[in-house]
1. Is there a residue in the range 164-187 that is open to solvent by 30 Å² or more (accessible area, probe 1.4 Å), free of Cβ contacts under 8 Å to residues at least 24 places away in the same chain and of a type in the set (Phe, Trp, Tyr)?
2. Pairs, please: C-beta under 9 Å, at least 6 apart or cross-chain, first residue under 19 Å from Leu125 (Cα atoms) and assigned to a loop (DSSP other than H, G, I, E, B) and in the range 295-319, second of a type in the set (Phe, Trp, Tyr) and open to solvent by less than 60 Å² (accessible area, probe 1.4 Å)?
3. I'm trying to understand the selection: among the residues of the range 214-239, which are open to solvent by 40 Å² or more (accessible area, probe 1.4 Å) and either farther than 18 Å from Ala135 by Cα or aromatic (Phe, Trp, Tyr) (or both)?
4. Condition first: of a type in the set (Ser, Thr, Tyr) and in a helix (DSSP H, G or I). Now tell me which residues in the range 82-101 satisfy that.
5. Given (1) assigned to a helix (DSSP H, G or I); (2) of a type in the set (S, T, N, Q); (3) within 26 Å of Phe292 (Cβ to Cβ), where does Gln149 come up short, assuming only one miss?
6. Which condition breaks for His186 when tested against (1) under 23 Å from Val85 (Cβ atoms); (2) over 18 Å from the mean Cα position of the chain (by Cα)?
7. If a residue has to be more than 14 Å from Met218 (Cα to Cα) and open to solvent by 10 Å² or more (accessible area, probe 1.4 Å) to count, how many in the range 240-267 make the cut?
8. I'd like to know if the range 24-37 contains one or more residues that are surrounded by 14 or more Cβ atoms within 10 Å (Cβ to Cβ), at pLDDT 75 or above and assigned to a helix (DSSP H, G or I).
Amino acid sequence: MIALFSPQFMLLSNITQFSPMFYLTGFPGLDTIEHWIFIPFFLMYLVAISGNCFILIVIKTNPRLHRPMYYLLSFLAFTDLGLSVSTLPTTMGIFWFKSHGIYFVACQIQMFCIHSFSFMESSVLLIMSFDRFLAICHPLRYSVIITSQRVIRAGLAVIFRGPVALVPLVLLLKTFPYCGPRVLSHSFCLHQEVIHLACTDTTFNNLYGLAVVVFTMMLDLVLIALSYGVILHTVARLASQEEQLRAFQTCTSHLCAVLIFFVPMVGLSLVHRFGKHVPLAVHLLMANVYLFVPPMLNPIIYSIKTKEIRHVISKLLSLRKVSTKSWS
């Protein structure tokens, strides 16, 4: 745990008596090597932001990719980009400037953005699973049902589903009094942590937050699992192993994205709800994996597994080689 009686923290405690602030701890006990921890985090941010921007630019600038499947991929890249940018200010502030204090309003905005983009990503993954379900189980009807306009409308609808539900949850935090040291165990604000610092009855917030999670992310996970159950059943009925492999290969990228997003999310939820005696290191690891790993890995996975994006990358590399030779 952080040094609660250090001069820096005592000063922050005095400040919070007059202005609502929280203290972001970052990596307790590892203050002396935070400059080394900065390196992998910087690389993750670099890959996540540049990779997702690259996918958005490639889809935007290539008319051949203006199809439903790539619109969904651009939605996924947008949510991953938003998730990375949401945690960037405070995480890099701790690494670069040793800035641990955050005003409550800024904390509210950050937690709203983090949870909103998480809900958006869950919704996008659900739509992508429905897309794969139709492509494999009903290929003849796919082009009729999945049109660009319908994908954009569905994407916009589910993208705003989570943020709208989060508004009262985040605004209610402003009405709660917060007693004692306002210390958060991460380098960013999460609702499930802030609510534990309130020194009043938070039953409504807890139940409402649980209901939002159940009827958004958990429902999405159940529907995705059901869609893959039907997909596996359909693939198993195909005549040859070659057809089975070809059909299932169209789902591998999406399935990887689902696993790297939902497995840490479920783990983090279980740790926060039932892991009161779990070491702090486990909380930090689960939260950081949940927020930093999917935005970093998704552009890599889709760049490797998507033929059209691979073609664009190889084309860019060949152009770079030609330009390098011309300058040499």
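The values are calculated or read from the model by the stated rules, or taken from the named source; none is laboratory data. Given the structure is predicted, the values throughout are model-derived calculations rather than measurements. As a convention, Cβ positions derive from the backbone with ideal geometry for all residues, glycine included, and neighbour counts pool all protein chains shown. Remember, those area values only see protein heavy atoms, side chains included, never the ligands or the DNA or RNA. Shrake-Rupley method; radii C 1.70, N 1.55, O 1.52, S 1.80 Å.
1. no
2. Thr306/Tyr70
3. Listed by number, the residues that qualify are Val214, Phe215, Met218, Leu219, Leu221, Val222.
4. Answer for the range 82-101, where residues must be of a type in the set (Ser, Thr, Tyr) and in a helix (DSSP H, G or I): Ser84, Ser86, Thr87, Thr90, Thr91.
5. All conditions are met except number (3).
6. It is condition (2) that His186 fails.
7. Residues meeting the conditions: 16.
8. There is at least one residue in the range 24-37 that is surrounded by 14 or more Cβ atoms within 10 Å (Cβ to Cβ), at pLDDT 75 or above and assigned to a helix (DSSP H, G or I).
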